[in-house]
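The values are calculated or read from the model by the stated rules, or taken from the named source; none is laboratory data. The structure presented is a predicted model; accordingly, all values stated were derived computationally and were not measured. Positions of Cβ are backbone-derived with ideal geometry, glycine not excepted, and every protein chain shown enters the neighbour counts. Just so you know, the surface numbers come from the protein's heavy atoms only, side chains and all, with ligands and any DNA or RNA stripped out. Shrake-Rupley method; radii C 1.70, N 1.55, O 1.52, S 1.80 Å.
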Amino acid sequence: MNAPEIRVEVAPELALFVPPARRSGATALAVDGVSTLGHVVESLGVPLTEVGTLRVDGREVPVSHIPADGESVSIRPVGRPQRVPGAPLRFLLDVHLGTLARRLRLLGVDTAYESADIGDPALAARSAAERRVMLSRDRGLLRRRELWAGGFVYSTNPEEQLRDVLDRFAPELRPWTRCTACNGLLREATKEEVADQLKGGTRKTYDVFARCGECGRAYWKGAHHEQLEAIVERALREFAG
(Lines give C-alpha, C1' and ligand atoms only; values in the text may rest on other atoms or scores of the structure.)
Protein backbone atom coordinates (compact mmCIF):
# COMPACT_ATOMS: atom_id res chain seq x y z
CA MET A 1 0.00 0.00 0.00
CA ASN A 2 1.39 3.38 -1.01
CA ALA A 3 2.13 5.96 1.69
CA PRO A 4 -0.07 9.07 1.80
CA GLU A 5 1.37 11.89 -0.29
CA ILE A 6 0.91 15.65 -0.26
CA ARG A 7 2.05 18.45 -2.56
CA VAL A 8 4.19 21.13 -0.89
CA GLU A 9 5.04 24.56 -2.22
CA VAL A 10 7.62 26.66 -0.35
CA ALA A 11 7.59 30.45 -0.75
CA PRO A 12 10.66 31.89 -2.52
CA GLU A 13 11.62 33.77 0.67
CA LEU A 14 12.08 30.41 2.43
CA ALA A 15 13.79 28.59 -0.42
CA LEU A 16 17.24 28.71 1.18
CA PHE A 17 16.06 26.34 3.91
CA VAL A 18 15.01 23.48 1.62
CA PRO A 19 16.88 21.24 -0.83
CA PRO A 20 17.28 22.68 -4.35
CA ALA A 21 14.76 20.23 -5.79
CA ARG A 22 12.00 21.79 -3.65
CA ARG A 23 12.73 25.43 -4.42
CA SER A 24 10.58 25.80 -7.51
CA GLY A 25 6.87 24.99 -7.55
CA ALA A 26 4.99 22.26 -5.73
CA THR A 27 6.71 18.94 -5.10
CA ALA A 28 5.47 15.62 -3.78
CA LEU A 29 6.17 14.57 -0.19
CA ALA A 30 5.23 11.35 1.57
CA VAL A 31 3.58 11.73 5.00
CA ASP A 32 2.75 9.21 7.69
CA GLY A 33 -0.77 10.34 8.60
CA VAL A 34 0.34 10.98 12.20
CA SER A 35 2.91 13.80 12.21
CA THR A 36 1.68 17.39 12.40
CA LEU A 37 2.18 19.82 9.57
CA GLY A 38 4.55 21.76 11.81
CA HIS A 39 6.73 18.68 12.15
CA VAL A 40 6.61 18.12 8.40
CA VAL A 41 7.68 21.71 7.72
CA GLU A 42 10.60 21.43 10.12
CA SER A 43 11.63 18.11 8.57
CA LEU A 44 12.02 19.99 5.29
CA GLY A 45 14.47 22.34 7.02
CA VAL A 46 12.24 25.39 7.55
CA PRO A 47 12.23 26.74 11.13
CA LEU A 48 8.69 27.52 12.29
CA THR A 49 9.94 30.94 13.44
CA GLU A 50 10.12 31.83 9.73
CA VAL A 51 6.64 30.61 8.82
CA GLY A 52 3.82 33.13 8.71
CA THR A 53 0.93 31.01 7.49
CA LEU A 54 0.32 27.44 6.40
CA ARG A 55 -2.39 26.87 3.81
CA VAL A 56 -3.94 23.56 2.90
CA ASP A 57 -6.03 23.55 -0.28
CA GLY A 58 -6.30 27.33 0.05
CA ARG A 59 -7.42 27.52 3.68
CA GLU A 60 -5.21 28.57 6.58
CA VAL A 61 -4.46 25.82 9.10
CA PRO A 62 -2.49 25.63 12.39
CA VAL A 63 0.83 23.83 12.74
CA SER A 64 -1.07 21.07 14.59
CA HIS A 65 -2.92 20.09 11.39
CA ILE A 66 -2.35 16.46 10.34
CA PRO A 67 -1.82 16.45 6.56
CA ALA A 68 -3.87 13.92 4.65
CA ASP A 69 -3.31 12.17 1.34
CA GLY A 70 -3.79 14.43 -1.67
CA GLU A 71 -3.67 17.77 0.15
CA SER A 72 -1.80 20.75 -1.30
CA VAL A 73 0.25 22.70 1.23
CA SER A 74 1.62 26.21 0.83
CA ILE A 75 4.28 27.47 3.27
CA ARG A 76 4.33 31.28 3.50
CA PRO A 77 6.88 33.54 5.27
CA VAL A 78 6.13 35.81 8.21
CA GLY A 79 4.57 39.16 7.37
CA ARG A 80 6.50 42.36 7.93
CA PRO A 81 6.55 44.12 10.26
CA GLN A 82 6.16 41.05 12.46
CA ARG A 83 4.37 41.74 15.72
CA VAL A 84 5.42 39.73 18.78
CA PRO A 85 2.50 39.86 21.24
CA GLY A 86 2.60 39.56 24.99
CA ALA A 87 5.82 41.34 25.99
CA PRO A 88 7.87 44.45 25.27
CA LEU A 89 9.91 43.82 22.14
CA ARG A 90 13.44 42.88 23.13
CA PHE A 91 16.04 40.52 21.78
CA LEU A 92 18.56 37.84 22.72
CA LEU A 93 21.46 37.16 20.34
CA ASP A 94 23.80 34.19 20.32
CA VAL A 95 27.60 34.24 20.42
CA HIS A 96 28.00 34.71 16.66
CA LEU A 97 26.09 38.02 16.45
CA GLY A 98 28.18 40.38 18.56
CA THR A 99 28.40 43.18 15.98
CA LEU A 100 24.65 43.10 15.40
CA ALA A 101 24.08 43.24 19.16
CA ARG A 102 26.25 46.33 19.52
CA ARG A 103 24.49 48.07 16.64
CA LEU A 104 21.03 47.33 18.03
CA ARG A 105 22.15 48.70 21.42
CA LEU A 106 23.57 51.77 19.69
CA LEU A 107 20.03 52.38 18.40
CA GLY A 108 18.57 51.97 21.89
CA VAL A 109 17.03 48.54 21.28
CA ASP A 110 16.97 46.27 24.36
CA THR A 111 19.41 43.55 23.27
CA ALA A 112 20.88 40.81 25.43
CA TYR A 113 23.91 39.01 24.05
CA GLU A 114 25.86 35.96 25.12
CA SER A 115 29.57 36.51 24.38
CA ALA A 116 30.30 32.89 25.28
CA ASP A 117 28.74 29.75 23.84
CA ILE A 118 26.43 28.69 26.67
CA GLY A 119 24.62 26.08 24.57
CA ASP A 120 21.23 25.94 22.90
CA PRO A 121 19.24 24.75 25.95
CA ALA A 122 20.47 27.68 28.09
CA LEU A 123 19.80 30.22 25.32
CA ALA A 124 16.29 28.89 24.77
CA ALA A 125 15.62 28.93 28.51
CA ARG A 126 16.76 32.55 28.78
CA SER A 127 14.58 33.51 25.81
CA ALA A 128 11.59 32.02 27.59
CA ALA A 129 12.41 33.36 31.07
CA GLU A 130 13.00 36.92 29.87
CA ARG A 131 10.53 36.82 26.97
CA ARG A 132 13.11 37.84 24.42
CA VAL A 133 13.08 37.16 20.69
CA MET A 134 15.96 34.79 19.97
CA LEU A 135 17.96 35.90 16.93
CA SER A 136 20.34 33.34 15.46
CA ARG A 137 21.65 31.71 12.30
CA ASP A 138 21.42 28.33 14.06
CA ARG A 139 18.35 26.52 12.72
CA GLY A 140 18.57 23.87 15.43
CA LEU A 141 18.35 26.51 18.14
CA LEU A 142 15.34 28.11 16.48
CA ARG A 143 13.53 24.75 16.49
CA ARG A 144 13.63 24.45 20.28
CA ARG A 145 10.09 24.40 21.66
CA GLU A 146 10.85 26.44 24.81
CA LEU A 147 11.80 29.59 22.86
CA TRP A 148 9.61 32.61 23.59
CA ALA A 149 9.93 33.71 19.96
CA GLY A 150 12.68 33.67 17.38
CA GLY A 151 13.98 34.89 14.08
CA PHE A 152 16.58 33.60 11.65
CA VAL A 153 19.31 36.08 10.72
CA TYR A 154 19.62 35.62 6.98
CA SER A 155 22.85 37.49 6.19
CA THR A 156 26.41 37.22 7.48
CA ASN A 157 26.99 40.93 6.83
CA PRO A 158 26.33 43.09 9.95
CA GLU A 159 24.88 45.98 7.96
CA GLU A 160 22.45 43.69 6.15
CA GLN A 161 21.66 41.90 9.40
CA LEU A 162 20.70 45.17 11.08
CA ARG A 163 18.55 46.28 8.17
CA ASP A 164 16.75 42.93 8.10
CA VAL A 165 16.00 42.93 11.85
CA LEU A 166 14.74 46.53 11.80
CA ASP A 167 12.58 45.82 8.76
CA ARG A 168 11.15 42.61 10.18
CA PHE A 169 10.43 43.58 13.79
CA ALA A 170 10.23 47.42 13.60
CA PRO A 171 11.54 48.02 17.15
CA GLU A 172 11.34 51.50 18.66
CA LEU A 173 14.62 53.32 18.08
CA ARG A 174 16.12 55.46 20.85
CA PRO A 175 19.74 56.04 19.79
CA TRP A 176 22.50 56.77 22.28
CA THR A 177 20.50 55.53 25.29
CA ARG A 178 22.09 52.11 25.87
CA CYS A 179 25.55 50.83 26.64
CA THR A 180 26.92 48.97 23.63
CA ALA A 181 29.00 46.81 25.98
CA CYS A 182 26.36 45.55 28.42
CA ASN A 183 22.93 46.87 27.30
CA GLY A 184 22.53 49.05 30.42
CA LEU A 185 20.88 52.46 30.22
CA LEU A 186 23.08 55.55 29.84
CA ARG A 187 22.82 58.77 31.80
CA GLU A 188 24.61 62.08 31.58
CA ALA A 189 27.85 62.27 33.57
CA THR A 190 30.30 64.97 34.54
CA LYS A 191 33.95 64.82 33.62
CA GLU A 192 34.77 64.28 37.27
CA GLU A 193 32.53 61.23 37.47
CA VAL A 194 34.35 59.48 34.62
CA ALA A 195 37.84 60.95 35.16
CA ASP A 196 39.36 57.58 36.03
CA GLN A 197 38.51 56.33 32.50
CA LEU A 198 39.97 59.30 30.61
CA LYS A 199 43.44 59.65 29.19
CA GLY A 200 45.13 63.04 29.13
CA GLY A 201 44.13 64.01 25.58
CA THR A 202 40.52 62.99 26.09
CA ARG A 203 40.32 64.87 29.39
CA LYS A 204 41.49 68.06 27.68
CA THR A 205 39.45 67.72 24.49
CA TYR A 206 35.97 66.59 25.59
CA ASP A 207 33.45 67.98 28.06
CA VAL A 208 30.24 66.03 27.37
CA PHE A 209 30.02 62.50 28.74
CA ALA A 210 27.57 59.71 29.47
CA ARG A 211 27.95 56.73 31.77
CA CYS A 212 26.32 53.32 31.90
CA GLY A 213 24.20 52.80 34.98
CA GLU A 214 25.03 49.08 34.99
CA CYS A 215 28.72 48.63 34.20
CA GLY A 216 29.92 52.22 34.67
CA ARG A 217 31.52 52.53 31.24
CA ALA A 218 32.04 56.12 30.07
CA TYR A 219 31.05 57.43 26.62
CA TRP A 220 32.00 60.56 24.66
CA LYS A 221 32.10 61.65 21.02
CA GLY A 222 35.48 60.18 20.25
CA ALA A 223 37.34 59.15 17.10
CA HIS A 224 34.71 56.65 15.94
CA HIS A 225 31.70 58.90 16.51
CA GLU A 226 31.21 59.84 12.85
CA GLN A 227 31.04 56.17 11.86
CA LEU A 228 28.49 55.46 14.59
CA GLU A 229 26.53 58.59 13.70
CA ALA A 230 26.26 57.35 10.12
CA ILE A 231 24.78 54.04 11.32
CA VAL A 232 22.26 55.87 13.49
CA GLU A 233 21.24 58.38 10.83
CA ARG A 234 20.75 55.67 8.22
CA ALA A 235 18.57 53.62 10.56
CA LEU A 236 16.46 56.61 11.56
CA ARG A 237 16.03 57.65 7.95
CA GLU A 238 14.93 54.21 6.80
CA PHE A 239 13.07 52.77 9.78
CA ALA A 240 11.99 55.36 12.35
CA GLY A 241 8.23 55.95 12.56
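Details
- Charge-dipole axis of the chain as Lys and Arg at +1 and Asp and Glu at -1 on Cβ define it, positive-most pick from Leu29, Leu173, Leu44: Leu173
- Listed by chain and number, the aspartates and glutamates whose C-alpha is less than 19 Å from the C-alpha of Lys191, apart from same-chain residues fewer than 8 away, are Asp207, Glu214.
- Simple rule: put +1 on each Lys or Arg Cβ and -1 on each Asp or Glu Cβ in the chain, find the dipole, and look at Val56, Gly151, Gly201; the Cα lying farthest toward the positive end is Gly201.
- Loop chymotrypsin sites (Phe, Trp or Tyr not before Pro), the range 116-165, which have at most 15 other Cβ atoms in a 10 Å radius of their Cβ (DSSP): Tyr154
- A simple charge model with +1 on the Cβ of Lys and Arg, -1 on the Cβ of Asp and Glu and nothing else charged puts the dipole of the range 52-120 at about 520 debye relative to its Cα centre.
- Taken about its Cα centre, the chain carries a charge dipole of about 660 debye when Lys and Arg each add +1 at the Cβ and Asp and Glu each add -1 at the Cβ.
- Lys/Arg +1, Asp/Glu -1 at C-beta; the chain dipole; positive extreme among Ser136, Gly216, Leu100: Gly216
- Gain on full extension, evaluated as 0.36 nm per residue between Glu146 and Arg203 minus their Cα-Cα distance, stands at 15.7 nm.
- Proximal aspartates and glutamates relative to Lys204, as straight alpha-carbon distance under 14 Å, when same-chain residues fewer than 8 apart are discounted: Glu192, Asp196
- For Phe169, the solvent-accessible surface with a 1.4 Å probe is about 10 Å², rounded to the nearest 10.
- Positive contributions from Lys and Arg (+1) and negative ones from Asp and Glu (-1), summed over other residues with Cβ under 15 Å from the Cβ of Ala3, come out at -3.
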